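Undergrad: Structure below; questions to follow.
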Amino acid sequence: MSYQLEIERHPTYLHARVTGQNSADAVIQYMSDIKAECEKESCFCVLVEEKLEGKRLDEMEVFSLISQGSSDALGFFEALAYIDARQEFEIAKFAESVAVNRGIPIAIFSSVEDAKNWLRHRSEDSDEQKFFIDGDGSDTD
């Protein structure tokens, strides 16, 4: 396996930490593992802290992954807060846009604390996406 997945249960969400080698296959597999854990725990809000190493996936790979995976994720997750540990916000914003346009309740963040705040707000008002990453890496409301 080219990645390691550690999942920590919190009262209202699961915190998934992913490490290892970056590849499309790793992303597909760890998302499948996260879905299985969500079902097991009956918890569909997830904070994903991805720290994969190696070549970053390009826009076409990201688009393809999200397009293929969105059919499995649609209606499954209540919220996905995703930490861009590499701080490469241009591709992260692209990924967020593609996923949101396919009905996936996801937002990209630069810090765990911002992601936790978004998850907290999502549970209070689940129809509103409150935070987005600016091009300079700062969060806006």
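Undergrad: Only one of (1) loosely packed, with under 14 Cβ neighbours inside 10 Å; (2) in contact (Cβ under 8 Å) with a residue 12 or more places away in the chain is not met by GLU39, so which one is it?
TA: With (1) loosely packed, with under 14 Cβ neighbours inside 10 Å; (2) in contact (Cβ under 8 Å) with a residue 12 or more places away in the chain applied to GLU39, the lone miss is (2).
Undergrad: Restricting to region 90-141, what's the tally of residues that are at pLDDT 50 or above and assigned to a strand (DSSP E or B)?
TA: Selection size over region 90-141: 4.
Undergrad: Under the condition of being among the aliphatic types (A, V, I, L, M) and under 14 Å from the mean Cα position of the chain (by Cα), which residue from region 56-72 is surrounded by the most Cβ atoms within 10 Å (Cβ to Cβ)?
TA: Per the stated criteria, the residue is ILE66.
Undergrad: Given the criterion buried (at least 17 other Cβ atoms within 10 Å of the Cβ) and touching a residue at least 60 places away in the same chain (Cβ under 8 Å), identify the matching residue among TYR13, TYR3, TYR30. Write out each step before concluding.
TA: Numbers: TYR3 fails: touching a residue at least 60 places away in the same chain (Cβ under 8 Å); TYR30 fails: touching a residue at least 60 places away in the same chain (Cβ under 8 Å).
Step by step, each of TYR13, TYR3, TYR30 is checked, and only TYR13 is buried (at least 17 other Cβ atoms within 10 Å of the Cβ) and touching a residue at least 60 places away in the same chain (Cβ under 8 Å).
Undergrad: Based on this model, can you work out whether ASP72 counts as out of contact with any Leu (no Cβ under 7 Å at 6 or more places or on another chain) and either outside any strand (DSSP E or B) or within 23 Å of ARG122 (Cα to Cα) (or both)?
TA: yes
Undergrad: Restricting to region 1-46, what's the tally of residues that are out of contact with any Cys (no Cβ under 8 Å at 6 or more places or on another chain), farther than 17 Å from GLY69 by Cα and among the aliphatic types (A, V, I, L, M)?
TA: Counting residues in region 1-46 that are out of contact with any Cys (no Cβ under 8 Å at 6 or more places or on another chain), farther than 17 Å from GLY69 by Cα and among the aliphatic types (A, V, I, L, M) gives 5.
Undergrad: Follow-up. When GLU8 is evaluated against the numbered criteria (1) surrounded by fewer than 12 Cβ atoms within 10 Å (Cβ to Cβ); (2) at pLDDT 95 or above; (3) part of a helix (DSSP H, G or I); (4) not hydroxyl-bearing (Ser, Thr, Tyr), which criterion, by number, is the only one it fails?
TA: Only one criterion in (1) surrounded by fewer than 12 Cβ atoms within 10 Å (Cβ to Cβ); (2) at pLDDT 95 or above; (3) part of a helix (DSSP H, G or I); (4) not hydroxyl-bearing (Ser, Thr, Tyr) is unmet by GLU8, namely (3).
Undergrad: Which condition from (1) part of a strand (DSSP E or B); (2) within 20 Å of HIS121 (Cβ to Cβ); (3) hydroxyl-bearing (Ser, Thr, Tyr) is the one that THR19 breaks?
TA: Failing condition for THR19: (2).
Undergrad: So which residues in region 42-55 are modelled with pLDDT under 95, in a loop (DSSP other than H, G, I, E, B) and either surrounded by 16 or more Cβ atoms within 10 Å (Cβ to Cβ) or in contact with a Lys or Arg (Cβ under 9 Å, 6 or more places away or on another chain) (or both)?
TA: Once the filter is applied, which keeps residues that are modelled with pLDDT under 95, in a loop (DSSP other than H, G, I, E, B) and either surrounded by 16 or more Cβ atoms within 10 Å (Cβ to Cβ) or in contact with a Lys or Arg (Cβ under 9 Å, 6 or more places away or on another chain) (or both), region 42-55 yields nothing.
Undergrad: If you don't mind, another one. State all residues of region 58-89 that are modelled with pLDDT of 90 or more, out of contact with any strand residue (DSSP E or B) (no Cβ under 6 Å at 6 or more places or on another chain) and among the hydrophobic types (A, V, I, L, M, F, W, C); if no residue qualifies, say none.
TA: Residues satisfying the conditions are MET60, VAL62, PHE63, LEU65, ILE66, PHE76, PHE77.
Undergrad: Going by the structure shown, is ARG102 surrounded by 14 or more Cβ atoms within 10 Å (Cβ to Cβ), among the basic types (Lys, Arg) and within 17 Å of CYS38 (Cβ to Cβ)?
TA: Criteria not met by ARG102.
The values are calculated or read from the model by the stated rules, or taken from the named source; none is laboratory data. The structure presented is a predicted model; accordingly, all values stated were derived computationally and were not measured. Virtual Cβ from ideal backbone geometry, glycine too; neighbours counted across all protein chains shown.
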